[in-house]
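The values are calculated or read from the model by the stated rules, or taken from the named source; none is laboratory data. Quick caveat, the model's predicted, so the values are computed rather than measured. Cβ placement follows ideal geometry from the backbone for every residue including glycine, while neighbour counts extend to all protein chains displayed. The protein model used for the area step is the full one, side chains on, heavy atoms only, and it has no ligands, DNA or RNA in it. Shrake-Rupley method; radii C 1.70, N 1.55, O 1.52, S 1.80 Å.
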Amino acid sequence: MNVWNPHIELMSKAQLETLQLRLLKIQTRRMWEHSPFYHDRMREAGVSPDDIRTLEDVRRLPFMTKKDLRDNYPNRLMMSDRGDLVRYHASSGTTGKPIIVGYTKTDLENWSESLARAMTSFGLGRKDIVQVSNTYGLFSGGLGFHYATEKIGATVVPASTGNTDRQIDLICDLGVTAMAATPSYLMYLGEVAAKRGIDMRKDTKLRVGLLGGEPWSDRMRDRLYETMGVRGYNCFGASELSGPLFLECAEQNGIHIWGDIALLEIVDPDTGEPLGPGERGEMVITMLQKEAFPIMRYRMGDITMMMDEPCPCGRAHPRIARIQGRVDDMIIIRGINVFPSQVEHSLMQHPELGSEFQLVVDRKGHLDTMLVRAELRPEAFTDDIVALNALRERVSNRLRNVLNISVNVELVQPDTLPRFEGKAKRVMDRREY
Ligand SMILES: [Zn+2]
């Protein structure tokens, strides 16, 4: 068994929980004393550091959301002295202001430590050559793997994104053994190599993929192995948490959330109540050692579950299953962000349609498809097929213009779609992540 940090990684569950409680107390006190924002939030929630006596007491702390982080742009949540900051990264900021994340030297150390443990667990080490094909720059993907690679004594090839032919040349010529990338890019790179007559299995030493940044499935993992001989390891992270931070261990069955780095909770997304192992809900993370940009009970918006069984690798650190989707409604279809509100708005332009609709997202082969089921108004309901087809055509054209993707439209009879109390669950995502 390959272990980077035996002292921490091989702790028993009880030892780990003792350590977590100690770190939680320290971190809560730091935030109380050094951050006016978190001090106020805790006071509003009627909790002070003295109330944290057991690990369960984390539930007394208030939740944070992306909006909280965004509203405090650029640096109102930064807790370290300006002089202790050594780096900034930023979230992509696809909607509104980005989130600026500052790092102290210790923050950078813990970040690469977290990745180094997983990379070591599946056998990477001094003799390996890791090509980092994630974006370098404000985005935290590239530099995260870069420093983790150097930490374990492997050699890093900071290729960043783009120029696929050069990426392939580097893999062949330098004897690259592992690559950090998005799974779809690695798949694409394999296809380009094949067109050049390169057999990735025979002509290269590439065997390991550090893959994340987009949803992907076990089927894709199998395909990467069959076509390229690359074992893909699933990665989870977010710029708010530092960057790409947690990876699967050698077992490839769930991602270890290192207990000394983060305290993991799964909660019911509607009520915020805690859920147990095996129950799907929203992931909530408290970072236990972050100095510059603390994270307290942050609602990630990702749906997953804590895995029940202890990991066969022997580590007692909790594991999460693959991310099942997002709490907020945004869906990504063929790389394009789609909001149900856009669909709703577009459907409303047609007086023949009622207010009920449903989105069904599926994946056929590697292609995402979306079906919009829209309910007709009673007065618009007719058995004139030609008229209905013409209407369907108009609805689908308008949707394509708004969403920039083609969608299938089905017009259904009045009162046939399911009704919901409270927030409507309009999206059925049948893709396997
Ligand atoms: Zn494990």
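A 1.4 Å probe run over the protein chains yields, for the chain, 47 Å² of accessible area per residue, whole-number rounding. Please report, as a whole percent, how much of the solvent-accessible surface of region 6-326 comes from carbon and sulfur atoms (probe radius 1.4 Å). Here it works out to 49 percent. Size check on region 332-429: the Cα extents along the three principal axes, sorted descending, read 38, 33, 23 Å.
Label reach from GLU150 (point 7 Å along Cα→C-beta): in region 166-180, amide nitrogens under 20 Å belong to 176-180.
Quick one: with all protein chains in place, what share of the accessible area of region 332-429 is carbon or sulfur, to the nearest percent (1.4 Å probe)? Spell out each step's value before the answer.
On the way: 2890 of 5740 Å².
Percent of accessible area from carbon and sulfur atoms in region 332-429: 50.
Taking R0 as 41 Å, what's the FRET efficiency between LYS25 and LEU371 from their Cβ-Cβ distance, rounded to 0.05? That pair, LYS25 with LEU371, gives E of 0.20. Helical content alone sets the calculated 222 nm signal of the chain at -9500 deg cm²/dmol, taking -39,500 (n - 2.57) per DSSP H segment of four or more residues and averaging over every residue.
Amide H to amide H distances under 5 Å link ASP302 with MET283, VAL327, where only residues 5 or more positions off or on other chains count and H is placed in the peptide plane.
Which parts of region 247-290 would a label at ASP308 reach, counting a residue when its backbone N lies under 12 Å from a point 7 Å out along Cα-to-Cβ? Within reach of a label on ASP308: 276-280.
Region 255-327 and region 214-246 have Cα centres separated by 18 Å. Cβ-Cβ distance of VAL327 and THR106, R₀ of 35 Å, FRET efficiency by 1/(1 + (r/R0)^6): the value works out to about 0.65.
For region 220-228, backbone phi angles converted through the Karplus equation (6.51, -1.76, 1.60; θ = phi - 60°) give residue-by-residue couplings of 5, 4, 4, 5, 4, 6, 5, 8, 10 Hz, Gly and Pro being listed as x.
Modelled label positions at LEU138 and ASP165, each set 7 Å beyond Cα in the direction of Cβ, lie 3.2 nm from each other. Amide H to amide H, with H built 1.01 Å from N, VAL101 comes under 5 Å of HIS89, ALA90, SER91, counting only residues 5 or more places away or on other chains.
Taking a quarter of the surface of the Cα convex hull of region 244-392 gives a mean projected area of 13.2 nm². Peptides 201-208, 233-240, 106-113 ranked from most to least packed, by the mean per-residue count of other Cβ atoms within 10 Å: 233-240, 106-113, 201-208.
Please sort 379-385, 390-396 by packing, taking for each peptide the average over its residues of neighbouring beta carbons within 10 angstrom, highest first.
Working: 379-385: 10.9, 390-396: 15.6.
By packing density, highest mean first, the sequence is 390-396, 379-385.
Shape of the chain from the C-alpha gyration tensor: oblate (a/c of 1.5 or more and a/b not above b/c, with a ≥ b ≥ c the square roots of its eigenvalues).
Can you tell me how much longer the chain between ARG334 and ALA387 gets when fully stretched, taken as 0.36 nm per residue apart minus their C-alpha distance, in nm with one decimal? Show your work: numbers first, answer last.
On the way: separation 53, 0.36 × 53 = 19.08 nm, distance 3.10 nm.
Here the answer is 16.0 nm.
Judged by the mean number of other Cβ atoms found within 10 Å, the most tightly packed of the peptides 408-415, 26-33 leads the ranking 26-33, 408-415. Label-to-label distance for ARG87 and ARG53 is 4.1 nm, based on points extended 7 Å past Cα in the beta-carbon direction.
Find how much the distance from MET1 to GLU379 grows on full extension, using 0.36 nm per residue of separation minus their present alpha carbon separation; answer in nm with one decimal. Working shown, then result.
Values: separation 378, 0.36 × 378 = 136.08 nm, distance 6.90 nm.
Between MET1 and GLU379, full extension yields an extra 129.2 nm.
Considering only ASN397, LEU353, THR382, and ranking their Cα positions along the charge dipole of region 273-420 that arises from unit charges at the beta-carbon of Lys, Arg, Asp and Glu, the one farthest toward the positive end is ASN397.
With a simple spin-label model that places each label point 7 Å from the Cα along the Cα-to-Cβ direction, the separation between GLU226 and LYS13 comes to 3.7 nm.
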